[in-house]
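Asker: Structure in structure tokens, see below.
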Amino acid sequence: MARILNFGSLNLDQVYRVDAFVQPGETKSSLSLATHCGGKGLNQSVAASRAGAEVWHAGLIGSDGDMLFDKLHENGVNLSLLERASGVSGHAIIQVDNNGQNCILLYGGTNQQLTEAYIDRALAAFGSEGLVLVQNETNLVGSIIEKAHNRGLQVAINAAPMDEKVFTYPLELIDWLIVNEIEGAAIAKCELEVDILPKLGNLYPKMNVLLTLGKRGAVCARGGEQAKIGIYTVKVVDTTAAGDTFLGYFLTEALDDKRLKDALALATAASSICVGVMGAADSVPMRADVLAAIEHGSLGKLGEWGGWR
């Protein structure tokens, strides 16, 4: 069974449904408002757990974080490392338009209060077998990567949201890099998508890369193996946790030594179901539902990989 320790962000998402995104200088009324549990870290923990992995979540919540704790707990995530800190939890203000697209404003809150001592305690408790997952929504990401690697653990990073901090991290220690085409091109220091994987391979020879390309599908390179996949054409309601769902399902399968083609196929089906449901963590499907959708063909035909642009 895949075993993952996620030093992950935890956010309370305020989701505003709008007919179109608010423009500079504009004031408008939203169509609805809902509060969901989210944050890349929480979404990815839920996704990996629902995919079948043993997931431990390391992070901090504030005085307002009971909803976050409960959401992880009900999804079978090990919360023995989760601690409460002073201040408010991370939160996000999310606009979702009529096309299902979103724009997100983040506030770090307790996600930015990790300490070196806390990281050491969490890693010691987790042990020396499995993978440590990080995103770019907490502090001390570079330290987590280095400490986890030194303990013999695999390390995966979802380098999002992309900013200059990513270039300060010891990326040469990363086993799995999960990025979209914009993030991948920035890290590879190239302009053409077709150059991303070769350049990353030259810069970081030991790094495996999962490159997501939105509606064109995804490409994965592991060692000398490479696989590509398209998408299902489904109705899109909300894309908020689609990437996190893809990541959680893919890593779970990859850590269980499944073929890249099969890992990509399951992750694609899971994210296709996710975009049909409003919300973040609540939109992540259960593994049984994903397998049933594939078996019964309820998602339609899987399209061809969309190619480079």
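Asker: Would you mind calculating the relative contact order of the stretch 154-267 from Cα pairs under 8 angstrom and at least 6 residues apart, reporting the percent as a whole number? Kindly include the intermediate steps, with their values, before the conclusion.
Answerer: Values: 146 pairs, mean separation 19.9, N = 114.
Taking the mean separation of contacting Cα pairs over the length of the stretch 154-267, I get 17 percent.
Asker: Using DSSP, restrict attention to beta bridges with both residues in the stretch 3-212 and report what percent are antiparallel, rounded to the nearest 5. Write out the running numbers ahead of the final one.
Answerer: Numbers: 13 of 45 bridges.
Percentage antiparallel, nearest 5: 30.
Asker: For the stretch 3-212, what is the relative contact order in percent, using Cα pairs closer than 8 Å and at least 6 residues apart in sequence? Write down the numbers at each step before the final one.
Answerer: Numbers: 442 pairs, mean separation 38.3, N = 210.
The value is 18 percent.
Asker: Right, next: Please state the relative contact order of the stretch 60-126 as a whole percent: Cα pairs under 8 Å, 6+ residues apart?
Answerer: Values: 78 pairs, mean separation 22.3, N = 67.
Rounded, it is 33 percent for the stretch 60-126.
Asker: Over 28 Å between Cα atoms, which of Lys71/Lys206; Lys40/Lys189; Lys147/Lys206; Lys165/Lys199; Lys165/Lys235; Lys189/Lys228 qualify? Before the final figure, lay out the partial values.
Answerer: On the way: Lys71/Lys206 35 Å; Lys40/Lys189 25 Å; Lys147/Lys206 18 Å; Lys165/Lys199 20 Å; Lys165/Lys235 35 Å; Lys189/Lys228 22 Å.
Those over the limit are Lys71/Lys206; Lys165/Lys235.
Asker: Tell me which of Ser298, Ala227, Phe250 sits at the most positive position along the dipole axis of the stretch 214-309, charges placed on C-beta atoms (Lys, Arg +1; Asp, Glu -1).
Answerer: Ala227
Asker: Got a sec? Charge dipole of the chain, +1 on Cβ for Lys and Arg, -1 for Asp and Glu; which of Phe7, Gly307, Thr138 is way out at the positive end?
Answerer: Selected residue: Gly307.
Asker: Please list, in order, the residues from the stretch 227-255 whose amide nitrogen is less than 18 Å from a point placed 7 Å along the Cα→Cβ vector of Ala288.
Answerer: Taking a point 7 Å out along Cα→Cβ of Ala288, no residue of the stretch 227-255 has its backbone N under 18 Å.
Asker: Further question on the same structure: Among Leu200, Ala218, Met162, whose Cα projects farthest towards the positive end of the dipole of the stretch 152-230, with charges put on the beta-carbon of Lys, Arg (+1) and Asp, Glu (-1)?
Answerer: Farthest along the dipole direction, towards plus: Ala218.
Asker: Cα gyration tensor of the chain, axes a ≥ b ≥ c as square roots of the eigenvalues: rounded (a/c below 1.5), prolate (a/b > b/c) or oblate?
Answerer: Details: a/c = 1.30, a/b = 1.01, b/c = 1.29.
It comes out rounded by the Cα gyration axes.
Asker: Counting only other residues whose beta carbon sits under 14 Å from that of Gly276, what net charge do I get with K and R as +1, D and E as -1? Walk me through the intermediate numbers first.
Answerer: Values: positive: Lys235; negative: Asp238, Asp282, Asp289.
Residues near Gly276 contribute -2 overall.
Asker: Under a Cβ-only charge scheme (Lys and Arg +1, Asp and Glu -1), can you give me the dipole magnitude of the chain about the Cα centre, in debye to the nearest 20? Could you put the intermediate results ahead of the total?
Answerer: Working: 25 positive and 35 negative charges, 100 e Å.
That gives a dipole near 480 debye.
Asker: When the expected Rg is taken as 2.2 N^0.38 Å, what fraction or multiple of it is the alpha-carbon Rg of the stretch 29-79?
Answerer: Details: Rg = 12.4 Å, N = 51, 2.2 N^0.38 = 9.8 Å.
Ratio of Rg to 2.2 N^0.38 Å for the stretch 29-79: 1.27.
Asker: Follow-up. Return the calculated 222 nm mean residue ellipticity for the chain, to the nearest 500 deg cm²/dmol, obtained by summing -39500 (n - 2.57) across DSSP H runs with n ≥ 4 and dividing by the residue count. Each step should come with its number before you reach the end.
Answerer: Details: 9 runs with 97 residues, N = 309.
After summing the helix terms and dividing by the residues of the chain, the value is -9500 deg cm²/dmol.
Asker: Measuring from a point 7 Å past the Cα of Arg309 along Cα-to-C-beta, which residues in the stretch 196-239 have an amide N at less than 18 Å?
Answerer: Of the residues in the stretch 196-239, 196-197, 211-219, 229-234, 236, 239 have backbone N under 18 Å from the label point off Arg309.
Asker: Also, I was wondering about something else. Taking every Cα atom in the stretch 37-131, find the radius of gyration and the maximum pairwise distance Dmax, and write them in Å.
Answerer: 14.4, 46
Asker: Summing +1 for each Lys or Arg and -1 for each Asp or Glu, what net charge is found among the other residues whose Cβ lies under 13 Å from the Cβ of Gly230?
Answerer: Numbers: positive: Lys215, Arg216, Lys228, Lys261, Lys301; negative: Glu304.
Surrounding charge for Gly230 is +4.
Every number here is computed from the coordinates shown, using simple stated rules; none is lab data. All figures in this text were calculated on a predicted structure; none of them were measured in a lab. We place every Cβ from the backbone using ideal geometry, glycine too, and count neighbours over all the protein chains shown.
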